[in-house]
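Quick notes on the structure that follows.
Read the figures in this text as sums done on the coordinates, not as results from a lab. Small disclaimer: the values here were computed from a predicted structure and weren't measured. Neighbour counts are summed over all protein chains in view; Cβ atoms, including those assigned to glycine, are modelled from backbone coordinates with ideal geometry.
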Amino acid sequence: MFSIKLDEFTHTKSLDKVAELHEVLNEQRLSAKDTGVNYRVINHWDEKGIIRFTRATKDSNRKFSFIDFIWIKIVNELRSFGVKLPVIQKIATDIYQPLPMRTVFDNLSNNLDVLKDYEGSDKEGFINFLKSGEYKNADVDSLNFGFTYLHLLIAEAVTTRNSVSLIVFNDGEWFPYLRDSDYLYSDKLLYKKEFSSQVRVNITELIFQFILDDYLIEYCNGLHLFTPQEIKLLYYVKEGDYKKIMVLFKSKKNEPVEIVKSKTSQEAIMQVLREKEYREFIVTDKKGREFRIREEEPKAEEDKNSTERKTYKERKEILRAAQAKE
């Protein structure tokens, strides 16, 4: 794998997110059926050393984490483009390498501003740990934190919603690419990206493409992928309880866009949410009533609509009750 300048990567704010999201990313609660890939194919990849999953016992049914799910989707995409198994095996070896934690802590301690939005437990204790320099006297690189480069890339995609891709060249070399972060890479590598044949798998797209499936919907809470207001909007979209949605943008240069209910409307809404350039959505329901969903929720409404920590079923009931009152 082409190396990334880890000292620069802290500015992407994903290093602190790795720690915050570690538990939800690694909790094994998905089945092989959820992945959409045949179980025999997954077993074959396992035998070839392409996947690195664990299970309680050899006889137990295998469960997969969100990390596992995304990696299976990545492998499936690469295979659909004809990338050979030995190449994918090499990528797996690279991408599952543990992060050099001493370097990670050094970079965080020198850039504490990136932790201002940290939402993990004991934020103050974590910052004091970095400030004290205690980690410098500990053998942190030998500790099994379970943080890999794959964790880092998924955290980056979740945190920024920017395009995070794996690029594989026709000679078998590969590297992770972050849009608008060319400063992370050498001129030689950027030249190769521009002019060499390649296959590109977009991790961000994989996350947003499947996150609203029933078996993944609960990850919306733990990943903090959407705001409470955005979850409210996605409820209407997923339930199909609307006629059309008008999108108003922050910049006056962007004309309002009307999204009529169709097979592609969910994809269109997801694209708007990913780009984060919207100001407001105006949802027209089946009875012709309008509901405004803004980028930022008014302070007075926070308690009423703070549904991000509730289960999907609970959110549905709350929103249905609110809709009935309106």
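Once you order the gyration tensor axes a ≥ b ≥ c over the Cα atoms, which shape class does the range 193-265 get: rounded for a/c under 1.5, otherwise prolate or oblate by comparing a/b with b/c?
Numbers: a/c = 1.90, a/b = 1.24, b/c = 1.53.
In terms of gyration-tensor shape, oblate.
Are any of the pairs K123/K250; K123/K276; K250/K286; K123/K192; K33/K263 more than 30 Å apart by Cα-Cα distance, and if so, which?
Where the Cα-Cα span goes over 30 Å, the pairs concerned are K123/K250; K123/K192.
Counting Lys +1, Arg +1, Asp -1, Glu -1, what net charge surrounds V201 among other residues with beta carbon under 13 Å of its beta carbon?
Spelling it out: positives minus negatives among the neighbours equals +1.
Note the full-extension length gain between N137 and M246 as 0.36 nm times their separation in residues minus their Cα-Cα distance, in nm to one decimal.
Length gained between N137 and M246: 33.6 nm.
Separation between the E280 and R29 pseudo-spin-labels, each 7 Å from Cα along Cα→Cβ, expressed in nm?
Reported label-point gap for E280 and R29 is 3.6 nm.
How far apart, in nm, are the 7 Å Cα→Cβ label points at E124 and Y96?
A separation of 4.1 nm, rounded to one decimal place.
Just subtract the alpha-carbon distance of R179 and L85 from 0.36 nm times their residue separation and send over the number in nm, one decimal.
Here the segment from R179 to L85 would lengthen by 31.2 nm.
State the Cα centre-to-centre distance between the range 79-111 and the range 167-227 in whole Å.
Cα centroid to Cα centroid, the span is 13 Å.
Using 0.36 nm times the number of residues separating N111 and V257, minus their current alpha carbon distance, what extension gain do you get?
Taking 0.36 nm per residue and subtracting the Cα distance, the gain is 48.6 nm.
Taking the mean number of other Cβ atoms within 10 Å as a proxy for protection, how do you rank 34-42, 71-79 from highest to lowest?
Ranking the peptides 34-42, 71-79 by packing returns 71-79, 34-42.
Can you give the net charge of the other residues whose Cβ lies under 13 Å from the Cβ of K286, counting K and R as +1 and D and E as -1?
So the environment of K286 carries a net charge of +1.
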